[in-house]
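*Asks:* Pasting a structure below so you can have a look.
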């Protein structure tokens, strides 16, 4: 792992012309400069800034969790973030829908796991045509900062796998910061929520996976 | 007659600013927030967005927009001021907008708006500068793409002496040529994004004032940098 350091807008991350400016950066006469506040990182000559704060920006391919805000005549409007709503078209639902009884499938207030199929000027388009997507019927939803989502998932999913294995819960993390926890009992779900909360609060620690392993050991020790 | 040596009422040196403290992330519910205290002036800036512009007719499909709102708390001065927008508040809102927009890159947020709310909770001159400094921090904290951070400082001329960061007492200075107020906003590269002048000054003196502003803004930039770096470890 390369060294990461906090950078502020206008700060030179690396000097010289041998580096490629990635996301949140730009090349100037002085070198590669940060254009955003966040963690500056350089991997294989590619420099980028990982944001630490700010609103969620929808991207194609992201899996999100959102609440149905409105039912229209040809689809549903789903809340993606405070500033964005997505449109889930009738044709993107993998089963027959009676246009007169769309509320039967999904009603206002229902929570849906959906994938962003496209982002354009008009808004965000959603789909639930893939496995693992669709309406949520059970379990609990918790909110986290969308910027902490990469830490909750971990490198190649290591963190989320660990939490799933240790708690026995099924967890789906939406890129917009909503997390769906589904376990066999409420105790398990609360335990998983606690673990995720621990990760989001300690998201700046370098050896987080090791830290959470220790945390699980302690917690399990208490129970015995 | 020997020239009298000028002395500031609070004993500061001519190029010495008031005590500054800054904190980022003071408002939990905001996308970005910051507090800037300079002597007895305190400004709190809150950023929300980028989000969809409302009213809709103000949406611009080619770029995002910046919208600032400056307000002084009714208790911020000794005599209660009427809350809400006044002529002065509207004007300063626009000034803050103009001072900040050159460094922002909102091209990738069509139809969106970034709202900046600057509230002065305690006022002792230089509120717009404190507001701009706080707003710059809050915008960075909100993860808005920016070319650079801006630092703002108020210069002044008391009779014939150029001084930095006036207090309210100094702003009301009446002797000789009286007081001149020059708020300036500069990027660390020395690009001026905003300059105002209220009073009388010669061209030569103004040049001198700008040089002093550049020096002072470097100090401010360092404080802004420190405030932003501090929260990285915390969050």
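*Asks:* Taking only pairs six or more apart or across chains, which ones have beta-carbon atoms under 9 Å, a first residue in the range B:86-107 that is within 14 Å of another protein chain (Cβ to nearest Cβ), and a second residue that is in a helix (DSSP H, G or I) and modelled with pLDDT under 95?
*Replies:* Within 9 Å, no pair qualifies.
*Asks:* Identify all residues within the range A:14-26 that are within 20 Å of residue B:108 (Cβ to Cβ), more than 9 Å from chain B (Cβ to nearest Cβ) and not in a loop (DSSP other than H, G, I, E, B); write none if there are none. Can you show your working first?
*Replies:* Initially, the range A:14-26 is screened for residues within 20 Å of residue B:108 (Cβ to Cβ), giving A:20-26.
Then keep just the ones that are more than 9 Å from chain B (Cβ to nearest Cβ); that gives A:20-23, A:25.
Listed by number, the residues that qualify are A:20, A:21, A:25.
*Asks:* Turning to a different aspect of this structure: If we only count strands (runs of 3 or more DSSP E) wholly inside the range B:15-54, which ones have 3 or more residues that are crowded, with 21+ Cβ neighbours inside 10 Å and in contact (Cβ under 8 Å) with a residue 24 or more places away in the chain?
*Replies:* Working: elements: B:20-24, B:32-38, B:41-52.
Hits in the range B:15-54: B:32-38, B:41-52.
*Asks:* Do you know which residues across the range B:123-150 are within 14 Å of chain A (Cβ to nearest Cβ) and within 21 Å of residue B:215 (Cβ to Cβ)?
*Replies:* If the condition is that a residue be within 14 Å of chain A (Cβ to nearest Cβ) and within 21 Å of residue B:215 (Cβ to Cβ), then B:133, B:136, B:137, B:148, B:149, B:150 are the ones that fit.
*Asks:* Among the numbered criteria (1) touching a helix residue (DSSP H, G or I) at 6+ places or on another chain (Cβ under 9 Å); (2) without any contact (Cβ under 8 Å) to a residue 60 or more places away in the chain; (3) outside any strand (DSSP E or B), which one does residue A:117 miss?
*Replies:* (3)
*Asks:* Being part of a loop (DSSP other than H, G, I, E, B) and within 21 Å of residue A:79 (Cα to Cα), is that true of even one residue in the range A:140-156? I'd like the intermediate steps shown before the answer.
*Replies:* Looking only at the range A:140-156, we keep the residues that are part of a loop (DSSP other than H, G, I, E, B), and these are A:144-145, A:154.
Among the residues that remain, those that are also within 21 Å of residue A:79 (Cα to Cα) are: A:144-145.
Yes, that holds for at least one residue.
*Asks:* Right, next: Evaluate the range B:171-182: report whether one residue or more is surrounded by fewer than 22 Cβ atoms within 10 Å (Cβ to Cβ), within 14 Å of chain A (Cβ to nearest Cβ) and assigned to a strand (DSSP E or B).
*Replies:* no
Table: residues versus (1) in contact with a helix residue (DSSP H, G or I) (Cβ under 6 Å, 6 or more places away or on another chain); (2) more than 10 Å from chain B (Cβ to nearest Cβ); (3) over 30 Å from residue A:126 (Cα atoms); (4) surrounded by 20 or more Cβ atoms within 10 Å (Cβ to Cβ).
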site: A:28; (1), (2), (3), (4): no, no, yes, no
site: A:32; (1), (2), (3), (4): no, yes, yes, yes
site: A:46; (1), (2), (3), (4): no, yes, yes, no
site: A:78; (1), (2), (3), (4): no, yes, no, yes
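*Asks:* OK, next. Residues being touching a helix residue (DSSP H, G or I) at 6+ places or on another chain (Cβ under 6 Å) and assigned to a helix (DSSP H, G or I): count how many of those fall in the range B:71-94.
*Replies:* Of the residues in that region, 1 qualify.
*Asks:* If a residue must be more than 14 Å from every other protein chain (Cβ to nearest Cβ) and within 18 Å of the chain's Cα centre (by Cα), how many such residues does the range A:100-130 contain?
*Replies:* Restricting attention to the range A:100-130, the residues satisfying the condition of being more than 14 Å from every other protein chain (Cβ to nearest Cβ) are A:100-118, A:125-130.
From what's left, within 18 Å of the chain's Cα centre (by Cα): A:111-118, A:125-128, A:130.
Residues meeting the conditions: 13.
The values are calculated or read from the model by the stated rules, or taken from the named source; none is laboratory data. Only a predicted model underlies this, so the values are computations on that prediction, with no experimental measurement involved. Cβ coordinates were reconstructed from backbone atoms using ideal geometry, including for glycine residues, and neighbour counts include every protein chain displayed.
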